[in-house]
Amino acid sequence: MDIESRFDRRSMMKWGLLSAAGAPLLLGKQALAQQGLGPSDELLGRVDGRAEERLYTGHTPRGGGQMEIRLNQSIHTDDPDELEVATRLQPFDPLSWYNEWRRVAEINEGLAQSFEEDNLRLSANQYYLRAFRFYRAAIIYQEDTDDTMMPGYMKMMDMYNKAWEMARPPFERVKVMVDGNELDGYFRKPGGPPGTRYPTVINYLGADSMAESTVLGRGSYVARGLAFLVIDLPGQGAAKRLKHLYMQPDTERYVSDLVDYLETRPDVDADRIGMIGQSMGGYSAPRAAANEPRIKAVSVAAGSHDLERDLFDYFPPIQERVRWIIGARDLADTKRKIRDFTNADVARKIECPMLIGYGPTDRIMDPEGAYRLYQAAVNSERTMWAGGGHPHHTAKSGGPRIRRLPTEQDWLARTLGAI
């Protein structure tokens with residue numbers, strides 16, 4: 001079935017592809033054309049919107065009638081520790097979540113220490129990383145008011161640092177001056193001959209992302225010839241927890257400093273710098289690209305037109321986290337401040353190619369926000385991508401699973417001319 005045959009008149013009206021008078025508002029060649037990305041082409045150009053019959057139990061109550069779905073662990077795993085958490089956890093209970101993940105983290109920490117004592121350094125690295133992953137899971141959704149938040153974060157970082165005392169890391173630790181603050185991060189690049197200058201991707205993290213786990217999960221980009229930079233920016237990870245730096249709406253103030261840094265590196269091709277944004281970064285990355293012309297390509301896994309509608313109102317359980325990220329006093333102050341986090345007036349300034357992802361069953365970011373971003377970014381050669389969003393949260397609660405194709409990796413490699 002070709003892409004155009006997916007749209008009947010009713011669905012085209014819903015998405016604004018036809019005006020009330022019947023005149024077509026064409027998606028454009030890029031949205032409907034095949035991209036040469038193999039099976040991923042099936043997910044490109046699709047504008048399906050919310051799969052409401054699969055998402056919601058009622059009709060459009062505030063936030064879609066959604067509950068906190070993140071504090072759950074699926075039994076569909078072959079990892080024995082994850083399975084143990086799944087069988088012991090009281091779903092959606094923050095204390096149970098913390099205790100069960102910390103319990104398996106401590107088990108793996110003990111194993112790592114035993115391997116280290118016998119000088120089995122690679123095995124110690126493996127189990128310190130497992131301990132890091134589980135300590136991270138324990139504290140990832142904690143609020144800033146939780147007494148265990150900072151001790152838990154420091155424990156997580158201790159495991160990460162011990163892991164890389166046992167083995168050579170696949171990344172370089174870097175310090176970058178961002179908006180007047182020295183921030184820590186990681187740079188990862190492909191193996192190649194000396195003097196190679198790589199196209200490079202900046203990762204703009206989401207609300208609960210952390211640079212440490214992110215850099216380890218980007219091997220598929222590096223394997224395609226892309227170097228990778230990830231920094232905990234204001235409102236994220238270490239910058240939020242250790243330096244009390246909060247996110248401002250004009251995210252280009254951070255990204256321009258990252259591009260300045262990349263331009264100083266002899267292993268980076270400064271004419272081929274791209275950016276990806278995940279989750280809340282689906283707002284931040286396009287916003288930065290609108291005002292930073294040195295960004296040559298942008299891909300977002302959950303595109304956002306404005307965070308008030310697409311995140312704050314759509315998924316109420318995350319509102320306290322958003323308050324912390326932007327440094328608001330309370331939820332009323334958050335509601336006022338979040339209105340400035342919009343791409344409405346700047347999306348037209350994006351001129352680089354853009355891959356705008358959404359998930360029809362996404363319960364965290366409103367899929368329709370991605371299409372509003374698409375409609376506003378009229379000067380970008382842009383493509384909708386139906387394989388983004390937050391499918392892992394849906395799957396944890398027993399919801400629909402999708403096959404995750406390497407669409408974003410292949411698109412960026414092609415667009416930036418990676419080797």
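Anything in the range 84-108 that is of a type outside the set (Lys, Arg), at negative phi, at pLDDT below 95 and in contact with an Asp or Glu (Cβ under 6 Å, 6 or more places away or on another chain)? List them, or say none.
The answer is 85, 89.
Taking residue 250 as the residue in question, decide whether it is touching a residue at least 24 places away in the same chain (Cβ under 8 Å), within 20 Å of residue 408 (Cβ to Cβ), among the charged types (D, E, K, R) and surrounded by fewer than 21 Cβ atoms within 10 Å (Cβ to Cβ).
When the stated conditions are applied, residue 250 does not pass them.
Determine if the range 111-118 includes at least one residue that is touching a residue at least 12 places away in the same chain (Cβ under 8 Å) and among the polar types (S, T, N, Q).
no
Out of all the residues in the range 243-265, which are part of a helix (DSSP H, G or I), touching a strand residue (DSSP E or B) at 6+ places or on another chain (Cβ under 7 Å) and either farther than 15 Å from residue 198 by Cβ or among the β-branched types (Val, Ile, Thr) (or both)?
254, 255, 257, 258, 259
All but one of (1) at pLDDT 80 or above; (2) surrounded by 18 or more Cβ atoms within 10 Å (Cβ to Cβ); (3) small (Gly, Ala, Ser) hold for residue 389; which doesn't?
(1)
Being under 25 Å from the mean Cα position of the chain (by Cα) and either assigned to a helix (DSSP H, G or I) or closer than 30 Å to residue 313 by Cβ (or both): is that true of residue 104 here?
no
Name the pairs: first residue in the range 141-158 and on the phi > 0 side of the Ramachandran plot, second residue loosely packed, with under 15 Cβ neighbours inside 10 Å, Cβ to Cβ under 8 Å, at least 6 apart or on different chains?
none
Which residue pairs have Cβ atoms closer than 7 Å, lie 6 or more positions apart in sequence or on different chains, and pair a first residue in the range 399-419 that is at pLDDT 80 or above with a second residue that is exposed (fewer than 15 other Cβ atoms within 10 Å of the Cβ) and β-branched (Val, Ile, Thr)?
Within 7 Å, no pair qualifies.
Would you call residue 298 closer than 20 Å to residue 201 by Cβ, in contact with a strand residue (DSSP E or B) (Cβ under 9 Å, 6 or more places away or on another chain) and assigned to a helix (DSSP H, G or I)?
No: the conditions fail for residue 298.
Determine, yes or no, whether residue 71 is aliphatic (A, V, I, L, M), surrounded by fewer than 18 Cβ atoms within 10 Å (Cβ to Cβ) and either assigned to a helix (DSSP H, G or I) or modelled with pLDDT of 55 or more (or both).
Criteria not met by residue 71.
Pick from 363, 382, 336: which is within 20 Å of residue 290 (Cα to Cα) and in the same structural domain as residue 315 (by TED's automatic domain parsing)?
382
Being of a type in the set (A, V, I, L, M), more than 26 Å from residue 184 (Cα to Cα), surrounded by fewer than 16 Cβ atoms within 10 Å (Cβ to Cβ) and modelled with pLDDT of 95 or more narrows it down to one of 111, 120, so name that one.
Just a single option satisfies the conditions, and that option is 120.
Quick one: in the range 140-185, of everything that is farther than 13 Å from residue 128 by Cα and polar (S, T, N, Q), which residue is surrounded by the fewest Cβ atoms within 10 Å (Cβ to Cβ)?
The qualifying residue surrounded by the fewest Cβ atoms within 10 Å (Cβ to Cβ) is 145.
Can you report the number of residues in the range 304-358 which are more than 16 Å from residue 284 (Cβ to Cβ), β-branched (Val, Ile, Thr) and either surrounded by 24 or more Cβ atoms within 10 Å (Cβ to Cβ) or in contact (Cβ under 8 Å) with a residue 60 or more places away in the chain (or both)?
Total meeting the criteria: 0.
Sort out which residues of the range 361-386 are under 13 Å from residue 300 (Cβ atoms), modelled with pLDDT of 90 or more and in a loop (DSSP other than H, G, I, E, B), and write them in order of number.
377, 380
Checking residue 345 against (1) closer than 30 Å to residue 271 by Cβ; (2) modelled with pLDDT under 95; (3) in a helix (DSSP H, G or I), which single condition isn't satisfied?
So residue 345 meets the others, but not (3).
The values are calculated or read from the model by the stated rules, or taken from the named source; none is laboratory data. Note that this is a predicted model, so its numbers are computed, not measured. Counting neighbours? That spans all protein chains shown, and the Cβs are built from the backbone with ideal geometry, glycine included.
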